[in-house]
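Colleague: I am attaching a structure below and will ask some questions about it afterwards.
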Amino acid sequence: MLLAVNIGNTNLRFAVFKSETEIITWTINSKPYRTEYEFFAKFSNMYEPFGISKEDITDIVIGSVVPPLTVSVKIALHRIHKFKPMIVDRNTPSEIVHSSNQMGTDLYANAVAAHYQNYGGKKIVIDFGTALTFLGINEDGKVRGVVIAPGIITALNSLVGETAQLPTVELRAPESVLGTNTEACMQSGMVYGFLSMVEGMIDRINAEAGEKSYVISTGGVGGVYKSLTDKIDIDDRLHTIKGLKILYELNKDSFEK
């Protein structure tokens, strides 16, 4: 079975692909940063709660946007499994065409997953992660461009942390846009406020493209926004990590473990 690891600024997401449709997934906090020895200790027994043996893992792919963690995770998994994981990034071969030498692995994996899963036509991938990103991609695999904004949880934590009397709130839609108490007021701003930006950005990207794009959302809170708008066609929280799997499949024959 393939183990895919997506190293993000907030979480390390692990996914074991038992089949194309049966995917076991879990997360570990990215911070505080750990050494390869700490990761080795933490990873050694992480499969047991899911009924997986480390011997079941035959292939590993890692995508990362946190360079200080990439090598540590790779070394720890190498020590546990006795074979080398594949590290993928924006330079890993695929049909995706982009002109950026700064594109993060997560954005590249999102483009790969959108292209190879045959959604058809132009696509927009919205990633509700530590940053909120919008990626436009043509039907031929060419990346049209990217938008980067503060992520919803990032913005909420900043709002709470920088004010004296605003509490942490659950990210859910309040009953009305205009709130009558502090919690509802904040929920409206975080949910309906960001939803308005998301819908507006979709409209602007479509206007520049001259046609409607198929919209995919992913990331930890994508499901909250998908249920409130008809402008998002599908929410897939594993979209990015599926892109890592596709990159592994495309390049495994030339990779020596």
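Colleague: Would you check if PRO174 is more than 20 Å from the chain's Cα centre (by Cα), open to solvent by less than 60 Å² (accessible area, probe 1.4 Å) and closer than 23 Å to GLU199 by Cα?
Modeller: yes
Colleague: Does the range 132-147 contain any residue that is touching a residue at least 60 places away in the same chain (Cβ under 8 Å), aliphatic (A, V, I, L, M), within 18 Å of VAL221 (Cβ to Cβ) and not in a helix (DSSP H, G or I)?
Modeller: yes
Colleague: Next up: What are the residue pairs meeting all of these: first residue in the range 186-215, first residue touching a residue at least 24 places away in the same chain (Cβ under 8 Å) and in the same structural domain as GLU175 (by the TED database), second residue among the acidic types (Asp, Glu) and open to solvent by less than 70 Å² (accessible area, probe 1.4 Å), Cβ atoms under 8 Å, and 6 or more apart or on different chains?
Modeller: Final answer for the pair search is TYR214/ASP233; VAL215/ASP233.
Colleague: Residue by residue through the range 189-232, note down the ones that are in contact with a Gly (Cβ under 6 Å, 6 or more places away or on another chain) and within 28 Å of THR25 (Cα to Cα).
Modeller: Hits for the range 189-232 are TYR214, GLY219.
Colleague: Counting only residues that are without any contact (Cβ under 8 Å) to a residue 40 or more places away in the chain and not polar (S, T, N, Q), how many does the range 221-232 have?
Modeller: 4
Colleague: Among the residues that make up the range 51-66, is at least one of them assigned to a strand (DSSP E or B), open to solvent by 10 Å² or more (accessible area, probe 1.4 Å) and within 24 Å of PRO150 (Cα to Cα)?
Modeller: Among the residues of the range 51-66, at least one is assigned to a strand (DSSP E or B), open to solvent by 10 Å² or more (accessible area, probe 1.4 Å) and within 24 Å of PRO150 (Cα to Cα), which makes the answer yes.
Colleague: With within 14 Å of ASP127 (Cα to Cα) and aliphatic (A, V, I, L, M) as the only criterion, which of LEU238, LEU166 stands out?
Modeller: So the residue among LEU238, LEU166 that is within 14 Å of ASP127 (Cα to Cα) and aliphatic (A, V, I, L, M) is LEU238.
Okay, residues lined up against (1) modelled with pLDDT under 95; (2) open to solvent by 30 Å² or more (accessible area, probe 1.4 Å); (3) under 15 Å from the mean Cα position of the chain (by Cα):
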residue: ILE126; (1), (2), (3): no, no, yes
residue: LEU132; (1), (2), (3): no, no, yes
residue: VAL143; (1), (2), (3): no, no, no
residue: ALA155; (1), (2), (3): yes, no, no
residue: LEU159; (1), (2), (3): yes, yes, no
residue: THR163; (1), (2), (3): yes, yes, no
residue: VAL169; (1), (2), (3): yes, no, no
residue: ASP235; (1), (2), (3): no, yes, yes
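Colleague: Sticking with this one: Among the residues of the range 106-124, what is the count of those that are open to solvent by 10 Å² or more (accessible area, probe 1.4 Å) and of a type outside the set (D, E, K, R)?
Modeller: Summing the residues that are open to solvent by 10 Å² or more (accessible area, probe 1.4 Å) and of a type outside the set (D, E, K, R) in the range 106-124 gives 8.
Colleague: Of the conditions (1) closer than 23 Å to GLY129 by Cβ; (2) assigned by the TED database to the domain that holds ALA15, SER94 satisfies every one except a single condition; which number is it?
Modeller: Evaluating SER94 over (1) closer than 23 Å to GLY129 by Cβ; (2) assigned by the TED database to the domain that holds ALA15 leaves (2) as the failure.
Colleague: When you check VAL177 against the structure, is it at pLDDT below 95, in contact with a helix residue (DSSP H, G or I) (Cβ under 6 Å, 6 or more places away or on another chain) and assigned to a loop (DSSP other than H, G, I, E, B), yes or no?
Modeller: The answer is no for VAL177.
Colleague: Can you tell me which residue among TYR47, TYR33, TYR37 is over 26 Å from GLN117 (Cβ atoms) and in contact with an Asp or Glu (Cβ under 9 Å, 6 or more places away or on another chain)?
Modeller: TYR47
The values are calculated or read from the model by the stated rules, or taken from the named source; none is laboratory data. The model shown is predicted, which means the values in this text are computed figures rather than measured ones. We place every Cβ from the backbone using ideal geometry, glycine too, and count neighbours over all the protein chains shown. In case anyone asks, the SASA skips ligands and DNA or RNA and just uses the protein heavy atoms, side chains included. Shrake-Rupley method; radii C 1.70, N 1.55, O 1.52, S 1.80 Å.
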